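For reference, the structure is listed below as structure tokens.
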Amino acid sequence: MSRHTLLRPLLAIVFAALPLVIMAAVPSTTASRVGGTFTMAYTEQHPMPVQDAEGHILLQSASQGSNQSTGSTSYLQGAGVSNAEFADLVQGTGTHQGYITTTLNGEVDVDRWSGKVTTTLGTDQKPVTTFQGTWTRVKGASGHGTYSGRITGPTTYVVDWAGEIDLK
């Protein structure tokens with residue numbers, strides 16, 4: 001028997017099995033769409049003026065609140081929420097970043113987030129502050145997503161968030 005005669009059946013078996021090997025090597029995903037609304041209140045705010053431009057401050061703050069699930073699942077429904085934040089703002093506009101910690105039934109998840117803050121004058125000539133950005137899970141089930149929010153009072157704000165979490 002020639003070498004080519006022996007190789008043909010072996011190659012046929014390898015090529016027939018290749019799709020099965022590739023499918024087995026690709027991890028299955030169980031990512032679920034999730035979302036919610038954080039209702040928050042500042043517990044600390046530490047503005048530090050920067051003298052290079054009028055209204056330039058660095059702002060370190062902490063806040064506490066809770067989550068109301070708005071997604072197709074009840075993911076993090078009623079979770080306690082803590083936020084540690086740092087912002088670099090000129091006249092209320094600039095960048096911000098921080099960490100959100102959610103706690104529910106003894107489970108603790110931490111998300112790192114960053115984005116942009118925008119402050120404009122409303123029709124009543126009072127400041128209107130909104131913000132938006134992205135988040136990535138750094139502790140807990142892997143995930144990522146987006147957020148947007150607004151200041152609702154002197155010490156309160158809300159954040160609407162959505163994304164995907166691997167709930168395997």
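The values are calculated or read from the model by the stated rules, or taken from the named source; none is laboratory data. Note that this is a predicted model, so its numbers are computed, not measured. Please note: Cβ atoms are built from the backbone with ideal geometry, for glycine as well, and neighbour counts cover all protein chains shown. The protein model used for the area step is the full one, side chains on, heavy atoms only, and it has no ligands, DNA or RNA in it. Shrake-Rupley method; radii C 1.70, N 1.55, O 1.52, S 1.80 Å.
Here the contact order of the range 96-167, divided by its residue count and restricted to Cα pairs under 8 Å and six or more residues apart, works out to 22 percent.
For the range 113-159, rounded, prolate or oblate, judged on the Cα gyration tensor with a ≥ b ≥ c (square roots of eigenvalues), a/c < 1.5 rounded, else prolate if a/b > b/c? Note, shape of the range 113-159 comes out prolate.
The residues of the range 55-144 present an accessible area of 53 Å² per residue when probed at 1.4 Å with all protein chains retained. Among the protein heavy atoms of the range 46-147, carbon and sulfur supply 55% of the accessible surface, probe 1.4 Å, non-protein parts ignored.
Assuming 0.36 nm per residue, please report the length gained on full extension of the stretch T156 to S142 beyond their Cα-Cα distance.
Fully extending the segment from T156 to S142 adds 2.2 nm.
Taking a Cβ cut-off of under 15 Å around V90, the surrounding Lys, Arg, Asp and Glu residues balance to a net charge of -2, with basic ones at +1 and acidic ones at -1. Each Lys or Arg adds one and each Asp or Glu takes one away; over the other residues whose Cβ falls under 14 Å from the Cβ of V110, this sums to -1.
Compute the signed sum of charges (Lys and Arg +1, Asp and Glu -1) over the other residues within less than 9 Å, Cβ to Cβ, of F131. Result for the local shell: +2.
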